[in-house]
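The values are calculated or read from the model by the stated rules, or taken from the named source; none is laboratory data. As the structure is a computational prediction, the values presented were derived from the model and not from experiment. Positions of Cβ are backbone-derived with ideal geometry, glycine not excepted, and every protein chain shown enters the neighbour counts.
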Amino acid sequence: MRILLQFPEGLKQKALEHAKRMEAEGNEVFISASPTFGACDLALDEARNIKADKLVHFGHAEFHKVDFNVEYVPYPIDAPLDLLPKSLEALNGYSTISLVTTIQHIHQLEAVKAFYESNGKKVVIGRPYGFAKRPGQILGCDIGSAASVDRTVDAHVYFGGGMFHPLGALLNTTKPFFVVEPFENKVERIDGYRDTYRKRSRGKVMRALKSCRFGILVSTKNGQHNMNLARIAKGMIERAGLSAEILVANTFDFMSLNNMLEFDAFVNTACPRLAIDDIERTRAPLLSANELAEVLRYKAELITQKNCAPNKDSQNP
Ligand code: SF4
C-alpha cells in the first residue's frame, strides 16, 4: 500500500520511526513535510498528488468526514499529575469546577477528576459539540466542553500543555479560568486576558473604520474552507458601497498578505484563531466575521449621523 504520513509539529520528530516500521510491513511510505495545524488540515492534496492509497494522520482525532481514506492515530501523552496538589491552593473557594483538556491528555481526565473530587470539589465535565469528539475535549476553535457548563460552575480548569487551547476556551466563558500546566510545572489564572483580547478586538474594529478595500481570506484546508461565509462577507461589504475580493490560499503567509498593498483590511474565514492570535502579523486589521459586521454597522451609523446633521442654513431663515 502507498501511504502518506502526516504529523503535527510536535510529533514530526517521530516521523522516521513510524515510516521505517510501516516500510518493514511492506508499504511504500512518504512523509508530509508541510506544516500541520490540526485535523482541519489534512494533507489531502499531497496524498492525491502522489496517488497514495491512504493518509495516516497522527496526533488528532477526526475533525469531519472527508472523501479520502484517512486513518487517525491518536497520540496520548501521559502528563505528570504531581502538580495537582499545588493547584488546590489556587482553586480554594471554588467548589464546582469544570475540567477540560486536549485530545493528548483526554485519557487522564478521569484521574484528574478523581483527584479533585477526593479533595472536596464537585467536578463537571462538559459535553463536546462541533468538532471535538470527547467529553472535556477542547480544540483551539471548539470550546463547547467549557462553554456548555459555564453557567453551572464556579471556575474552569484546563489541564495540559501550552496556552493555545485554554485561551480559546477562555474567550467563550465568563468564569475564573485556571491553567494547570504539568510540563512547565505552572498553575496560572488567565481570565485577566479576556479584557486584553476584548481591547485588541475593539482596536481592530476602530482601525478598520477607515478601510474601503477588504481582502477576504478563504483557506483550502479541509476543515477551514468556508466559501459560503466569504461570499456573505463580500456581499455585505459591497452592499455598504465598499470593495471586496476573496483571497485563496492553503496556509496564509503573512508576508504575502502584507505585500497586497491595495487592501486596507482583511476578513478571516479560515482558522478562527488567525484573527485572534496573528493580528500583529498583518499591516492591516485582520477581522473576524463578527468584527466585520461591527465595522459595517458603525460605518452605516456614522454615515447616517452625517446625513442627519442639522443643516445650519435651514435653521436660520
Ligand atoms: S484552531 Fe484552527 S488549526 Fe486548530 S483545529 Fe481549529 S481550525 Fe484547525
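When A61, A52 are screened for being among the small types (G, A, S) and closer than 24 Å to Y129 by Cα, only A61 passes. Is one or more of the residues making up the range 40-48 within 16 Å of the ligand (Cβ to nearest atom), surrounded by fewer than 13 Cβ atoms within 10 Å (Cβ to Cβ) and not assigned by TED's automatic domain parsing to the domain that holds R134? There is no residue in the range 40-48 that is within 16 Å of the ligand (Cβ to nearest atom), surrounded by fewer than 13 Cβ atoms within 10 Å (Cβ to Cβ) and not assigned by TED's automatic domain parsing to the domain that holds R134. Taking the range 49-90 as the range and being in contact with a strand residue (DSSP E or B) (Cβ under 6 Å, 6 or more places away or on another chain), without any contact (Cβ under 8 Å) to a residue 24 or more places away in the chain and either among the charged types (D, E, K, R) or within 16 Å of the ligand (Cβ to nearest atom) (or both) as the test, only E71 passes. Kindly indicate which of V205, V218 is in contact (Cβ under 8 Å) with a residue 12 or more places away in the chain and in contact with a Ser or Thr (Cβ under 6 Å, 6 or more places away or on another chain). One residue alone meets the criteria, V218.
So that you can scan it fast, the table gives a plain yes or no per residue for (1) in a helix (DSSP H, G or I); (2) more than 16 Å from the ligand (Cβ to nearest atom):
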residue	(1), (2)
N172	no, no
V180	no, yes
E184	no, yes
G203	yes, yes
M206	yes, yes
G215	no, yes
N222	no, no
L229	yes, no
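Exactly one residue out of V149, V157, V100, V112 is hydrophobic (A, V, I, L, M, F, W, C), outside the structural domain of H60 (by TED's automatic domain parsing) and more than 30 Å from I279 (Cα to Cα): that is V112. When the residues of the range 102-131 are filtered to those that are within 16 Å of the ligand (Cβ to nearest atom) and free of Cβ contacts under 8 Å to residues at least 40 places away in the same chain, the one that is nearest to S87 (Cα to Cα) is I106. Assess whether K204 counts as being exposed (fewer than 14 other Cβ atoms within 10 Å of the Cβ) and within 30 Å of E262 (Cβ to Cβ). Criteria not met by K204. Restricting the search to strands (runs of 3 or more DSSP E) fully inside the range 22-124 and requiring at least 3 residues that are more than 27 Å from the chain's Cα centre (by Cα) gives 28-31.
Among the conditions (1) within 28 Å of D142 (Cβ to Cβ); (2) of a type outside the set (A, V, I, L, M); (3) surrounded by fewer than 18 Cβ atoms within 10 Å (Cβ to Cβ), G223 misses just one, which is (3). For the range 241-317, please list each of the helices (runs of 4 or more DSSP H) lying entirely inside it that holds at least 1 residues being at pLDDT 95 or above. In the range 241-317, the matching helices (runs of 4 or more DSSP H) lie at 254-259, 289-308.
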